[in-house]
Amino acid sequence: MTPDWDTLAEGDATPVRVEPPLTITDFVRYQGASGDLNPIHHDPEFARKAGYDGPFAVGMLSAGLLAAHVAEWLGPENIRKYRTRFSEQAWPGDVLTYGGRVTRKRREGDRRLVEVELSATRQTGGVHLRAWATFEL
Amino acid sequence: VKAGQRGEPFLICVEAGKVREFARAVRATARYGSDTPVSPPTFLMSAAHWAGAANAAWGTEPPSFERLLHGEQEFEFVGPPPRVGDRLIGQVRIDQIYTKHGRRGRMTFIETVTDFRRESTGELAATSRATLIEMGAPEEDGARP
């Protein structure tokens, strides 16, 4: 159920989602769907030549999962803005936790906007990415 | 590569199967492509399938993939996100380029902006902004990683 403007409060937590460990198969599926086939996310030799221990996670996979997760809460048709900033790389085997909170409710003319701050964190506590979303309710 | 450089415009047709495939790839639980009329929030990443070399902003000097990191990504929608059946015209431009120096040497930040306009009316439907970071050679002053 999409929460209602009146009951939603600044500081409210979003639903939290924990996903199974990341796999290279997840990266390949996302890369096929998005059309970004940078081999650094699935080709071990390419990744090593570029100076990494091996293939690392596609940031836009976690960013896309987090966006879809919060959009399922506040309504996929209601999203107006989504921004993500990547920090620590995530690796195959990582368990990421997705969630955040409502930071602001505001009116812009007759539009009712809700701002949400989000993150995807690794099992180490390290932040893989942060994100900010605006919904119109 | 210079600020202001543009790729040629390209057509994107938003299709149910592609929306569904993308939604599954980001492990969305809503029934995108059928019951949910709009596409997932980051769906416009898949515009890559519709763009060829001439549509890129780079011209003949693409940055090197091995040294390229994705720093930030933003989407802004005018109204709800694109829906199945939409026909959009995308065009990318290099908005700004700047350099910073960090632990891993020189970093060149390239910010690209893609406008997506409705084919029928020319109205703006969405904008995406990508910040790409090209890692340079380590600094010569010995600040190697």
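The values are calculated or read from the model by the stated rules, or taken from the named source; none is laboratory data. The model shown is predicted, which means the values in this text are computed figures rather than measured ones. Quick reminder, even Gly has a Cβ in these numbers, built from the backbone with ideal geometry, and neighbours come from all protein chains shown.
At-a-glance table
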{"quantity": "In segment B:36-56, residue farthest from B:Thr131 (Cα to Cα) [restricted to those that are surrounded by fewer than 20 Cβ atoms within 10 Å (Cβ to Cβ) and either in contact (Cβ under 8 Å) with a residue 40 or more places away in the chain or more than 10 Å from chain A (Cβ to nearest Cβ) (or both)]", "calculated": "B:Pro37"}
{"quantity": "Count of segment B:18-31 residues which are at pLDDT below 95 and either under 22 Å from B:Val78 (Cβ atoms) or within 7 Å of chain A (Cβ to nearest Cβ) (or both)", "calculated": "2"}
{"quantity": "Those residues of segment A:120-137 which are surrounded by 17 or more Cβ atoms within 10 Å (Cβ to Cβ) and free of Cβ contacts under 8 Å to residues at least 40 places away in the same chain, in sequence order", "calculated": "A:Thr121, A:Arg122"}
{"quantity": "Elements of type helices (runs of 4 or more DSSP H) contained in segment A:18-137, each with 2 or more residues being under 24 Å from B:Ser128 (Cα atoms) and modelled with pLDDT of 95 or more", "calculated": "A:24-34, A:59-74"}
{"quantity": "Of the criteria (1) buried (at least 19 other Cβ atoms within 10 Å of the Cβ); (2) in a loop (DSSP other than H, G, I, E, B), which one B:Ala30 fails", "calculated": "(1)"}
{"quantity": "Test: B:Pro80 is within 28 Å of B:Glu15 (Cα to Cα) and either within 14 Å of another protein chain (Cβ to nearest Cβ) or surrounded by 14 or more Cβ atoms within 10 Å (Cβ to Cβ) (or both)", "calculated": "yes"}
{"quantity": "Per-region count, segment B:83-101, residues under 23 Å from B:Val14 (Cβ atoms), more than 15 Å from the chain's Cα centre (by Cα) and of a type in the set (Val, Ile, Thr)", "calculated": "1"}
{"quantity": "Failed criterion for A:Ile40 (all others in (1) within 30 Å of A:Trp5 (Cβ to Cβ); (2) facing chain B (nearest Cβ under 8 Å); (3) among the aliphatic types (A, V, I, L, M) hold)", "calculated": "(1)"}
{"quantity": "Enumeration of residues in segment A:46-67 that are among the small types (Gly, Ala, Ser), more than 7 Å from chain B (Cβ to nearest Cβ) and without any contact (Cβ under 8 Å) to a residue 40 or more places away in the chain", "calculated": "A:Ala47, A:Gly51, A:Gly54"}
{"quantity": "Every pair of residues 6+ apart whose Cβ atoms lie under 8 Å, when the first sits in segment B:82-103 and is more than 30 Å from B:Thr36 (Cα to Cα) while the second is assigned to a loop (DSSP other than H, G, I, E, B) and β-branched (Val, Ile, Thr)", "calculated": "B:Ile94/B:Val1; B:Ile97/B:Val1"}
{"quantity": "Test: A:Val70 is within 14 Å of A:Trp132 (Cβ to Cβ) and either facing chain B (nearest Cβ under 8 Å) or touching a residue at least 12 places away in the same chain (Cβ under 8 Å) (or both)", "calculated": "yes"}
{"quantity": "Among (1) in contact (Cβ under 8 Å) with a residue 40 or more places away in the chain; (2) farther than 22 Å from B:Gly122 by Cβ, the one test that B:Arg24 misses", "calculated": "(1)"}
{"quantity": "Where A:Tyr30 falls short, out of the listed (1) free of Cβ contacts under 8 Å to residues at least 40 places away in the same chain; (2) more than 10 Å from chain B (Cβ to nearest Cβ)", "calculated": "(2)"}
{"quantity": "Residue in segment A:93-105 that is free of Cβ contacts under 8 Å to residues at least 60 places away in the same chain and more than 10 Å from chain B (Cβ to nearest Cβ) present", "calculated": "no"}
{"quantity": "Residue match in segment B:92-104 (condition: among the charged types (D, E, K, R), farther than 25 Å from A:Ala133 by Cα and either surrounded by 15 or more Cβ atoms within 10 Å (Cβ to Cβ) or touching a Pro at 6+ places or on another chain (Cβ under 9 Å) (or both))", "calculated": "yes"}
{"quantity": "Residue within segment B:40-50 that is of a type in the set (S, T, N, Q) and over 16 Å from A:Gln31 (Cα atoms) present", "calculated": "no"}
